[in-house]
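Everything below concerns the one structure shown next.
The values are calculated or read from the model by the stated rules, or taken from the named source; none is laboratory data. Since the structure is predicted, the reported quantities are computational estimates derived from the model, not experimental observations. Positions of Cβ are backbone-derived with ideal geometry, glycine not excepted, and every protein chain shown enters the neighbour counts.
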Amino acid sequence: MRLLIIEDDRDAADYLVKAFREVGHVAELATDGEEGLARALDGQYDVLIVDRMLPKLDGLTVIGTLRSKDVETPALILSALGQVDDRVKGLRAGGDDYLPKPYSFSELLARVEVLARRRGGREEMIYRVGDLELDRLSHQVTRGGEEVVLQPREFRLLEYLMKHAGQVVTRTMLLENVWDYHFDPQTNVIDVHISRLRSKIDKGFPQPLLQTVRGAGYMVRESK
Amino acid sequence: MTAIGKLFRTTAFKLTLVYLIVFALFAAFLLGYFAWNTRRLITDQITQTVNTEIADLTDELRQSGIRRLVFAIDARATRPSSNLYLLTTAAGEGLAGNVGSLASGILERPGWSETVYRRIDDADTTEHHALVRILQLPGGFRLLVGRDLEERERIRDIVIAAGRWSIAVVVVLGLAGGFFVTRRVLKRVDAMTETTQIIMQGDLSGRLPIAGTNDELDRLAGNLNAMLDRIEALMRGLKEVSDNIAHDLKTPLTRMRNRCEEALRMAEDASQYRAALQNAIEESDALIRTFNALLLIARAESGQASDGMSEFDAAEIARGVGELYEPLADDKGLVLKVDAPAAASVRGNRELVSQALANLVDNAIKYTAPKDVPVNGKQPEIVVKAIGEGDRILLTVSDPGPGIPEADRSRVVDRFVRLEQSRSLPGSGLGLSLAQAVAHLHGGELWLEDNHPGLRSIIALPRGGPAVGALVDARTGDARSS
């Protein structure tokens, strides 16, 4: 995956470039808004990571300009401003995701990978991982041919996980997308929901599909 | 600008000038009206008198002939302060009366005229004015009856003199009065300006003087003082917050540093170093969470978060939060119920209210033990309610846990306060602080009550949201009237 990081803090930027390289992605760097805009217009990137506060041209204006020129590259906004209103502003300006600082790299990585995958592909109606099947229209879930009865919220949780099958989904992402909450619950509420879901779809089946990724979050995928 | 110049430019002085002109015009109009009326009255009186005389005399003539008329006229003409009489032949020869000379041509004009005249026996040669009526008699004779206009003229002279004097007096008094009044007003305004300057130079404790007259200047001063109170409270709050944050974050930071230093000294192999680094990351994360929570509380307290207001359903919030926490409660052997049958629409910051309620629910779950079984022997129950009560919406979380002793209830809302019984449990001690800050931000309150047994925490919010114009000190919840 090719990434463009637009960030004026050298330390943070270098750290990100190295970290992304270690997981197999190519990250390029622009240190101000104008340079970032120029390179985003030229190059073919899978995801843009844009800091909100930039010299010369601020992050939201960069994204706004790109969108007005029909550049649809997914953009993730990094910002020290972390209130809900700031998030809303960022998304309205054309951003696709919003991560307040300070963040953990695993959180950033999970979200970037989710954004990159979003770029291609049409919306499928049935998600399949191994012998687990989820029908988005009828809200039916089966594993190995047998129906699994889920509560509405459990269904939405599984749907989100399966939509991003093979990708890391963090607790914050789940809280935002399945519950529409933007605060940190400070306890392991999400974990308990996950373990309930797990007991319904994984228990009694040979292959565990809902996996915990230590230090990051969860993932649905066939185990090797 | 000289003092006098400044005086002349004040609104008060200009206003005084306007009032003065209006009043003077009005007084002049009044005087003029009086004069005109009086003049008319006198004229009417004269007219009436003359008409009566003429009627009498013509009667006399008709009844008794011209000789008799002459006699009658002479009799009347010789009375003291009499009217004017004159009887002439067609040719203009005087037959009777007391008029010596007239303006020329008067006798030829029948009807009413004003004329100069002289009496027959006038010693001096001054001319007088009279209002006369000329009548043509049968036979060509001409009768004139009239009255001197001296009264009218005297009134006119009096009025003119009075007018001149009174206008002069009014103008002088008005200017003097206006000058003094303006100076007084200016003094008050100057005092206010001076105080404002002192305040702007940095002494926020200064307040504008209030004279106690309850007039518009006093009200203005009162409002400005209230504004200054608010600013001072905000600045105090800001200072307190930054002091708190600095203090509250230094402790965990120091702890983290010490642990890292210890690891450097004592660790011997890679796994120990790794453990230390992992620990450092966890502590950092905890620190970041604390910092964000403190920031949120600070913003809520200073009223900054008030721009995210919208209409939402509190019942929906209660259901959402309840649904989020239900598995956690269940895992612990507790039952979490949501009692929110009816929609409870309220205006506020949906995100903050959700978070505040989540904090209360989190606390309830954390502090209730599975052994806290209520009297009827069933599982311990945590109830989340959303109901409307009058003009308020109440979000309630009740648990059968240990509760909070009444003495501690006000203390426990302060930042980082954990009661003795909860020191061993994880948590930052900020949950209740945030819940209260959010409640106050919306113009509402946080109540902590005894649930008999356990704790009932209530977030009470006004339906319409924070009242526009009402200043609420988010730390104390006191409403200030604007």
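A few comments on the model shown:
- Scanning segment B:133-185 for residues that are free of Cβ contacts under 8 Å to residues at least 40 places away in the same chain, part of a helix (DSSP H, G or I) and surrounded by 14 or more Cβ atoms within 10 Å (Cβ to Cβ) yields a single hit, B:Glu153.
- Against the test of being under 15 Å from B:Val145 (Cα atoms), touching a Phe, Trp or Tyr at 6+ places or on another chain (Cβ under 8 Å) and either of a type in the set (Val, Ile, Thr) or surrounded by fewer than 17 Cβ atoms within 10 Å (Cβ to Cβ) (or both), the options B:Ile73, B:Ile54, B:Ile46 yield a single qualifying residue, B:Ile73.
- B:Asp203, sole failed condition from (1) exposed (fewer than 14 other Cβ atoms within 10 Å of the Cβ); (2) farther than 30 Å from B:Ala298 by Cβ: (2)
- Yes/no for B:Ala356 being among the small types (Gly, Ala, Ser), closer than 23 Å to B:Arg289 by Cα and within 45 Å of the chain's Cα centre (by Cα): yes
- Residues (of a type outside the set (Asp, Glu) and assigned to a loop (DSSP other than H, G, I, E, B)) located in segment B:210-240: B:Ile210, B:Ala211, B:Gly212, B:Thr213, B:Asn214
A quick yes/no check of all residues on (1) in contact with a Leu (Cβ under 6 Å, 6 or more places away or on another chain); (2) among the hydrophobic types (A, V, I, L, M, F, W, C):
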{"site": "B:Ile210", "(1), (2)": "no, yes"}
{"site": "B:Leu217", "(1), (2)": "no, yes"}
{"site": "B:Met227", "(1), (2)": "no, yes"}
{"site": "B:Glu232", "(1), (2)": "yes, no"}
{"site": "B:Arg236", "(1), (2)": "no, no"}
{"site": "B:Ser242", "(1), (2)": "no, no"}
{"site": "B:Ile245", "(1), (2)": "yes, yes"}
{"site": "B:Lys250", "(1), (2)": "no, no"}
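- Selection count where residues are away from every other protein chain (no Cβ under 13 Å), in a helix (DSSP H, G or I) and more than 20 Å from A:Leu174 (Cα to Cα), scope segment A:74-117: 1
- Every pair of residues 6+ apart whose Cβ atoms lie under 6 Å, when the first sits in segment A:150-176 and is free of Cβ contacts under 8 Å to residues at least 40 places away in the same chain while the second is part of a helix (DSSP H, G or I): A:Arg156/A:Val178; A:Tyr160/A:Asn177; A:Tyr160/A:Val178
- Contact annotation: residue pairs with Cβ atoms under 8 Å, 6 or more positions apart or on different chains, pairing a residue in segment B:197-209 that is in a loop (DSSP other than H, G, I, E, B) with a partner that is surrounded by 14 or more Cβ atoms within 10 Å (Cβ to Cβ) and among the charged types (D, E, K, R), are B:Leu204/B:Glu232; B:Ser205/B:Glu232; B:Pro209/B:Arg188.
- If you check B:Thr38, B:Thr58 for being in contact with a helix residue (DSSP H, G or I) (Cβ under 7 Å, 6 or more places away or on another chain), assigned to a helix (DSSP H, G or I) and at pLDDT 85 or above, only one passes: B:Thr38.
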